Amino acid sequence: MQENYDHKEIERKHQQKWLNSKRFEVNEQSSKPKYYCLSMLPYPSGQLHMGHVRNYTIGDVLARFHHLNGFNVMQPIGWDAFGLPAENAALHNHEPPAKWTYQNIADMKKQLQSLGFAFDWSREIATCHPNYYHWDQWLFIQLYKKGIIYRKNGSVNWDPVDQTVLANEQVIDGKGWRSGATVIKQEIPMYYFKITQYAEELLDDLDKLAGWPDQVKTMQRNWIGKSKGMEINFLGPDESYTVNVFTTRADTIMGISYIAIAAEHPLVSEALKLKPELANFISEWKFGSISEAEVATLEKKGQFSGLYVKHPLTNELIPVWITNYVLMNYGTGAVMGVPAHDERDFAFATNYNLPIKPVIQPVGSELELPLTKAYLDKGILINSGIFDGLDFASSLQQIEQALIAKNLGQVKTNYRLRDWGISRQRYWGCPIPIIHCEFCGDVPVPENQLPVILPETLIPDGTGSPLAKLPEFYTTTCPKCNSLARRETDTMDTFVDSSWYYARYASYNCKTAMLDERADYWTPVDQYIGGVEHAILHLLYARFLHKCLRDLNLVKSAEPFTNLLTQGMVLANTFYRESKDGKKTWFNLTDVNVIIDEKGRSIRSTAKADGQEVISGGMEKMSKSKNNGVNPQAIIEKYGADTARLFVMFAAPPELSLEWSEHGVEGANRFIRRLWRFIFEHVQKGRVGKYTQGELTSEQKKLRTNLHQTIAKVTHDIAVRKQFNTAIASIMELLNNYAKVAFIELSGRQVAEELLQAVIILLSPIIPHVCEELWSHLCLNTELFEQNWVRVDPLALDSHEVEIIVQVNGKLRGKITIDKSLTTDEIERMAVQNPNVQKFISSQTIKKIIMIPHKLINIVVINND
């Protein structure tokens, strides 16, 4: 064994060994219980970042830990390879997205392998490959036939320059994020997944996910947004039209001043016949986002439609207003305006001088009139005729009865969740397998013609999808009537690709079906790991599609992920200079000298290039925009993959944000070198095997007890608490105690070897390369990978000795180690005679001694003066 730790040689050696032996490839022919550990599918951006390192190290630690604990472990990896970033890169580089994507996959694969992750690379998938998206298309067709997928016109954010639909987050201040063009709302035909059909099950099954963070389950509940209310029908004066409204506050029905409808509401066409001038307002409202959040911040605007509806209980005529704050995509596209009891209605009524009629007042008090803001709480009904004096619950019951009697309303459960629109006017995505025929309508592509291959040589020009300009792609014949037809040129939302990939890993090489019986062996995933930013959409869509797979008899389970760990972000210091025009230039940490005081605090930062001062912007999430990313490859090159892995596991609990620290990285590296030195020194003196019996000194007994306490704690911290930082801290403390004990005689050296072997196994999921190397020197002719996780020796924990705290007048003054067989008098005598305790009692009188057996002694003294 060489004296110095050489991370480059060690990591190269063991990574090559793992690759050659196909160590992490797994199959289903095992008597061991299965453990499926999965980190979220990475996007092949070309460069790993520290967020990747943290995410995949967490998964790797759990996978390796469970292997050592006797599980048949699968940890696969692949690539979420379709999507807009590849198209943007293609625009910039003037090359096909496919070329950029496949090159990035190759680069990132090398980077992941350099970190020593125990991935089963034989199961590698890429969602942009036809052998994967073939089954996207097959699934689409099955769900289309079952009515779970349908086509209708939908209101979208349309970028008139890029000729594409924009997601809400791609609309910034009403403009397209890339083109800068003013976004318009446009009705276009789109395909939808009927996720609302599963809303109740998606909501109910959250209660069964005991292994998910409460925060994530709450976010999903809020997104699904189940609410119980009433659907109320407002008839036109001659009953030739109806406006349906859903409300959770039917108790305010007598305070309605107006009905607000969306600009896309069907009734608008009737209004235009009466008031053609409304077209200008409606046209204006076509500009802007369909985002619910953005609409909430807009100034509330509207136009009277010229139409009225009858109040369902009083027959009073209520004006109908076309407004910019009601969206057709949410609810029925109409709301009842109750200004006294709704903030946005209050703002709208104030703008247009509409009546504000209070109908609810607090229990036991009266409203201060006139209202200066809406009263939102529930209370007692006033100004409500026969309902006056009723509380919320009673009023709902009686109002419902009144509405049902007139056939104008009923209690209804509603959901905020909307069906999932999956059509994208983009090129780099999975083609939707539909053919449009003039005579037969929309016809699914026959299954024997799948996959519909996406051409990989096209280069987007920023003006719509190249597929829509490629007759060779869209020109086809109808499978039913054989007449000339047009292939669908929209592609699927990439969330579809990443919502079932976990199941395909189980059946990765099946060519005859989307999934086979292996999917039931591996799913549900036992441990899923990823960022909390995916808490809603990705996880909700994956849960939905898993239920669809179940209903197609492809899997038996109802949920895809049994346990979920959402890791925090990786933060790093930011540095910048600000020009006179307010523009900031950001400096990377590697380009800055940070001057630190004796307490480790930063007091000044300068740019290496010119020595001039730069401003510290504090810790922020690593990002390109702030130029504060840390290149993992630079860390691996300088310190090694094991150091990078140890740092990200030790620096913070996994669910919290991690602050990047070069000092912390250096500390992790020093710890590994110290471990190396301990084992080198032990091996140099000769291997002796693990301790089984023999006389031990008091310090050695105490250390052995500490060892088995540490084994128990580390096991619990990893298996149950998932708190890797505290597990590592316990091992560090154990090695600190090890360094204080002398090992001369054989039994003592056997305790040392027992401890060093255990430490290697405990650390091996975290720093696998160096642990395998150390094991090969400490335990000749054996493989660490073939060992079992260390077990606690109960006899070691049941020590005959115990450490007792000694206090004087309630203050800690010393510690003594005693044999449990000693009498009370003997223990008191040892405590009094302790040299450190003597300093505080020598000139004083002992009044009494209080003892808590095997824990604490308090010596109460009085001053002789």
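Residue-by-condition table, conditions (1) open to solvent by 30 Å² or more (accessible area, probe 1.4 Å); (2) under 27 Å from Glu11 (Cβ atoms); (3) of a type outside the set (Phe, Trp, Tyr):
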{"position": "Thr574", "(1), (2), (3)": "no, no, yes"}
{"position": "Asp581", "(1), (2), (3)": "yes, no, yes"}
{"position": "Phe587", "(1), (2), (3)": "yes, no, no"}
{"position": "Gly667", "(1), (2), (3)": "no, yes, yes"}
{"position": "Phe671", "(1), (2), (3)": "no, yes, no"}
Discussion item. Show the residue pairs meeting these rules: Cβ distance below 6 Å; 6+ apart or different chains; first residue within the range 397-421 and closer than 30 Å to Glu187 by Cβ; second residue open to solvent by 60 Å² or more (accessible area, probe 1.4 Å) and among the charged types (D, E, K, R).
Written reply: Thr413/Lys228; Tyr415/Lys226; Asp419/Lys194
Worksheet, complete the sentence: Going through the range 783-809 in order, the residues found to be of a type in the set (D, E, K, R) and not in a loop (DSSP other than H, G, I, E, B) are Glu786, Glu801, Glu803
Worksheet entry | All positions within the range 1-50 that are under 21 Å from Ile672 (Cα atoms), outside any helix (DSSP H, G or I) and open to solvent by 40 Å² or more (accessible area, probe 1.4 Å) | Met1, Gln2, Glu3, Asn4, Asp6
Item to complete: May I ask you to list pairs of residues, at least six apart or on different chains, whose Cβ atoms are under 6 Å apart, with the first in the range 506-526 being under 24 Å from Ala210 (Cα atoms) and touching a residue at least 60 places away in the same chain (Cβ under 8 Å) and the second being open to solvent by 50 Å² or more (accessible area, probe 1.4 Å) and not acidic (Asp, Glu)?
Response: Pro524/Thr562; Asp526/Thr562
Worksheet item: Can you find a residue in the range 563-571 that is of a type in the set (Gly, Ala, Ser), closer than 30 Å to Gly211 by Cα and surrounded by 11 or more Cβ atoms within 10 Å (Cβ to Cβ)?
Response: yes
Worksheet item: Which of the residues spanning the range 438-480 are open to solvent by less than 10 Å² (accessible area, probe 1.4 Å) and part of a strand (DSSP E or B)?
Response: Val443
Discussion item. So if I check each of Leu403, Leu354, which one is part of a helix (DSSP H, G or I) and either crowded, with 17+ Cβ neighbours inside 10 Å or out of contact with any Pro (no Cβ under 9 Å at 6 or more places or on another chain) (or both)?
Written reply: Leu403
Fill in: Restricting the range 180-212 to residues that are assigned to a loop (DSSP other than H, G, I, E, B) and among the small types (Gly, Ala, Ser), the residue that is least open to solvent (accessible area, probe 1.4 Å)
Ala181
Fill in: Single match in Asn233, Asn168, Asn244 (criterion: touching a strand residue (DSSP E or B) at 6+ places or on another chain (Cβ under 9 Å), open to solvent by 50 Å² or more (accessible area, probe 1.4 Å) and modelled with pLDDT of 85 or more)
Asn244
Worksheet item: So which residues in the range 383-400 are among the hydrophobic types (A, V, I, L, M, F, W, C), within 28 Å of Thr242 (Cα to Cα) and either assigned to a loop (DSSP other than H, G, I, E, B) or out of contact with any strand residue (DSSP E or B) (no Cβ under 7 Å at 6 or more places or on another chain) (or both)?
Response: Ile386, Phe392, Ala393, Leu396, Ile399
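Results for (1) surrounded by 20 or more Cβ atoms within 10 Å (Cβ to Cβ); (2) part of a loop (DSSP other than H, G, I, E, B); (3) under 29 Å from the mean Cα position of the chain (by Cα); (4) of a type in the set (Gly, Ala, Ser), shown as yes or no for each residue.
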residue	(1), (2), (3), (4)
Ile141	no, no, no, no
Lys152	no, no, no, no
Ser155	yes, no, yes, yes
Asp162	yes, yes, no, no
Worksheet item: Can you find a residue in the range 495-514 that is within 27 Å of Val61 (Cβ to Cβ), of a type in the set (Gly, Ala, Ser) and out of contact with any helix residue (DSSP H, G or I) (no Cβ under 7 Å at 6 or more places or on another chain)?
Response: no
Item to complete: Could you tell me which of the residues Lys175, Lys110 is free of Cβ contacts under 8 Å to residues at least 40 places away in the same chain, in contact with a Ser or Thr (Cβ under 7 Å, 6 or more places away or on another chain), charged (D, E, K, R) and surrounded by fewer than 20 Cβ atoms within 10 Å (Cβ to Cβ)?
Response: Lys175
Worksheet entry | the range 319-350 - residue that is among the aromatic types (Phe, Trp, Tyr) and open to solvent by 20 Å² or more (accessible area, probe 1.4 Å) and, of those, farthest from Val156 (Cα to Cα) | Phe346
Worksheet item: From the set of residues in the range 88-104 that are open to solvent by less than 20 Å² (accessible area, probe 1.4 Å) and not small (Gly, Ala, Ser), which is nearest to Tyr427 (Cα to Cα)?
Response: Pro97
Worksheet item: Which pairs do you get when a residue that is surrounded by fewer than 17 Cβ atoms within 10 Å (Cβ to Cβ), found in the range 730-744, comes within reach of a residue that is assigned to a helix (DSSP H, G or I), reach meaning Cβ atoms under 6 angstrom, with the pair 6+ apart or on two chains?
Response: Asn737/Leu703; Asn737/Asn706
Discussion item. Residue under question is Gly379, and the condition is that it be surrounded by 18 or more Cβ atoms within 10 Å (Cβ to Cβ) and not basic (Lys, Arg); does it hold?
Written reply: yes
Worksheet item: Which of the residues that make up the range 548-572 are outside any strand (DSSP E or B) and within 13 Å of the chain's Cα centre (by Cα)?
Response: Gly568, Met569
Worksheet item: What single numbered condition from (1) crowded, with 21+ Cβ neighbours inside 10 Å; (2) out of contact with any Gly (no Cβ under 6 Å at 6 or more places or on another chain) fails to hold for Gln787?
Response: (1)
Worksheet item: So Ser289 clears everything in (1) within 29 Å of Thr413 (Cβ to Cβ); (2) modelled with pLDDT of 95 or more except one condition, right? Which one?
Response: (2)
Worksheet entry | Lone qualifier among Val295, Val320, Val326 - being at pLDDT 95 or above and among the hydrophobic types (A, V, I, L, M, F, W, C) | Val320
Worksheet item: Quick one: in the range 485-544, which of the residues that are small (Gly, Ala, Ser) and surrounded by fewer than 17 Cβ atoms within 10 Å (Cβ to Cβ) is modelled with the lowest pLDDT?
Response: Gly531
Worksheet item: Somewhere in the range 362-371, is a residue modelled with pLDDT under 95, within 39 Å of the chain's Cα centre (by Cα) and either closer than 22 Å to Ile318 by Cα or loosely packed, with under 13 Cβ neighbours inside 10 Å (or both)?
Response: no
Response to the item:
Here the residues within the range 296-317 that are part of a strand (DSSP E or B), touching a residue at least 60 places away in the same chain (Cβ under 8 Å) and buried (at least 20 other Cβ atoms within 10 Å of the Cβ) are Leu307, Val309
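The values are calculated or read from the model by the stated rules, or taken from the named source; none is laboratory data. Keep in mind that this is a model prediction, so the values were computed, not measured. Don't worry about glycine lacking a Cβ; one is built from the backbone with ideal geometry, like all the others, and counts go over all protein chains shown. Heads up: the accessible areas ignore ligands, DNA and RNA and are worked out on the full protein's heavy atoms, side chains in. Shrake-Rupley method; radii C 1.70, N 1.55, O 1.52, S 1.80 Å.
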